[in-house]
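K.L.:
My structure is below; once you've seen it, I'll send some questions.
The values are calculated or read from the model by the stated rules, or taken from the named source; none is laboratory data. Being a predicted model, the structure only gives us computed values, none of them experimental. Backbone-built Cβ (ideal geometry, glycine too); neighbour counts: all protein chains shown.
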Amino acid sequence: MSAPPARATAAATPAGRQRPWWIEALLYLGIAALVAAAWLLVRALDLHAASDSGYWLGVAGGCMMLLLFAYPLRKRLRVMARWGAAKWWFAVHMVLGIGGPWLVLVHSGFQIGSLNAGVALYSMLIVAGSGVVGRFLYLRIHRGLSGERQSLAQLQQSLGLQHDGLHSALGFSPLLERSLLRFETYALAGQGSLRQHLRAYTLLPLRHAATRERCLRALRPALRKQAGLQGWDETTRRRQHRLLRQTVIGYLQAVQRVAQFQAAVRLFSLWHVLHVPFVYLMVICAVAHVIAVHAY
């Protein structure tokens with residue numbers, strides 16, 4: 001009886017694990033539910049900006065929006081760098097960035113009272129929405145909320161190890177190996193172009209899912225044939241199937257992470273170009289709105 005490939009185990013470890021997609025989906029569904037709840041709350045309590053409740057909701061939301069600037073200050077002021085871990089600052093920043101606009105939205109009663117108030121409201125909503133997009137990109141450039149930036153070189157080195165392990169582990173099935181290599185060619189083609197960066201978060205996950213399903217479906221009969229040639233018993237065959245399944249999944253994940261990391265870095269830089277001007281516009285209009293309300 002021939003022994004199974006020795007390097008299959010080494011190739012089975014993924015390059016890195018991303019949090020499950022459904023966690024991100026729950027976050028976006030939660031934000032949508034908060035907006036729906038704000039609408040129902042305004043209608044049920046007949047809230048509007050001129051009422052006492054509406055006024056104080058606006059004050060609370062405005063204070064939360066002001067506290068948002070503590071996070072960028074913490075990154076720029078050396079004295080604040082010692083005030084707790086960056087991940088907690090970022091988490092609080094996200095909570096304030098959702099809670100503040102939500103209170104202001106309830107304060108407005110989903111109505112625009114003046115041109116200045118309308119510009120302030122819409123710029124705030126754009127800032128809040130772009131903040132959610134920024135968080136999405138930030139987590140793909142850094143390891144979670146810790147603020148520790150990942151290295152493209154590390155991801156590519158890990159992918160290189162995965163590539164070597166893939167060739168060793170799937171040498172008995174050239175068709176399966178070529179299918180995985182075609183996915184790598186597709187994922188990393190046109191590097192540096194905006195089209196490739198956008199494709200990394202739209203078409204690539206779909207291609208990833210289709211390739212994974214096709215390869216895992218083809219793996220079982222190919223491995224059964226190899227087991228017959230090598231004389232493996234059922235226990236050995238099942239163990240090899242489990243290891244090679246992890247190898248395929250890990251390799252596909254590694255390729256997608258490299259492609260999406262490159263895209264996230266580029267898109268995050270473009271995000272700053274759009275996000276920061278709207279922050280300034282929001283602050284100017286909000287100050288003008290507060291002055292106008294109390295002066296007139």
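K.L.:
If only one of 113, 97, 84, 118 is modelled with pLDDT of 80 or more and of a type in the set (Gly, Ala, Ser), which one is it?
P.N.:
Unique residue meeting the criteria: 97.
Residue-by-condition table, conditions (1) part of a loop (DSSP other than H, G, I, E, B); (2) touching a Pro at 6+ places or on another chain (Cβ under 8 Å); (3) over 23 Å from residue 172 (Cα atoms):
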residue	(1), (2), (3)
199	no, no, yes
205	no, no, yes
212	no, no, no
219	no, no, no
225	no, no, no
250	no, yes, no
255	no, no, no
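K.L.:
Among (1) exposed (fewer than 14 other Cβ atoms within 10 Å of the Cβ); (2) in a loop (DSSP other than H, G, I, E, B); (3) β-branched (Val, Ile, Thr), where does residue 112 come up short?
P.N.:
The number of the failed condition is (1).
K.L.:
OK, next. Can you tell me which residue within the range 237-276, out of those that are β-branched (Val, Ile, Thr) and within 15 Å of the chain's Cα centre (by Cα), is nearest to residue 186 (Cα to Cα)?
P.N.:
258
K.L.:
Here's a check for you: in the range 224-236, which residue that is surrounded by 18 or more Cβ atoms within 10 Å (Cβ to Cβ) and without any contact (Cβ under 8 Å) to a residue 60 or more places away in the chain is nearest to residue 186 (Cα to Cα)?
P.N.:
226
This table checks each residue for (1) of a type in the set (Gly, Ala, Ser); (2) surrounded by 15 or more Cβ atoms within 10 Å (Cβ to Cβ); (3) touching a Ser or Thr at 6+ places or on another chain (Cβ under 9 Å).
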position: 222; (1), (2), (3): yes, yes, yes
position: 240; (1), (2), (3): no, yes, no
position: 243; (1), (2), (3): no, yes, yes
position: 264; (1), (2), (3): yes, yes, no
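K.L.:
Further, regarding this structure: Quickly run through the range 136-168 and pick out the residues that are at pLDDT 75 or above and crowded, with 18+ Cβ neighbours inside 10 Å.
P.N.:
Selection gives 137 alone.
K.L.:
Counting only residues that are β-branched (Val, Ile, Thr) and either free of Cβ contacts under 8 Å to residues at least 40 places away in the same chain or out of contact with any Leu (no Cβ under 9 Å at 6 or more places or on another chain) (or both), which one in the range 253-278 is farthest from residue 203 (Cα to Cα)?
P.N.:
276
K.L.:
Could you grab me the full set of residues in the range 279-296 that are surrounded by 17 or more Cβ atoms within 10 Å (Cβ to Cβ), of a type in the set (A, V, I, L, M) and in contact (Cβ under 8 Å) with a residue 60 or more places away in the chain?
P.N.:
279, 281, 282, 286
K.L.:
Taking the conditions exactly as written (at pLDDT 80 or above and in the same structural domain as residue 48 (by TED's automatic domain parsing)), does residue 108 satisfy them or not?
P.N.:
yes
K.L.:
A follow-up question, please. Can you report the number of residues in the range 177-192 which are touching a Lys or Arg at 6+ places or on another chain (Cβ under 9 Å) and in a helix (DSSP H, G or I)?
P.N.:
Of the residues in that region, 4 qualify.
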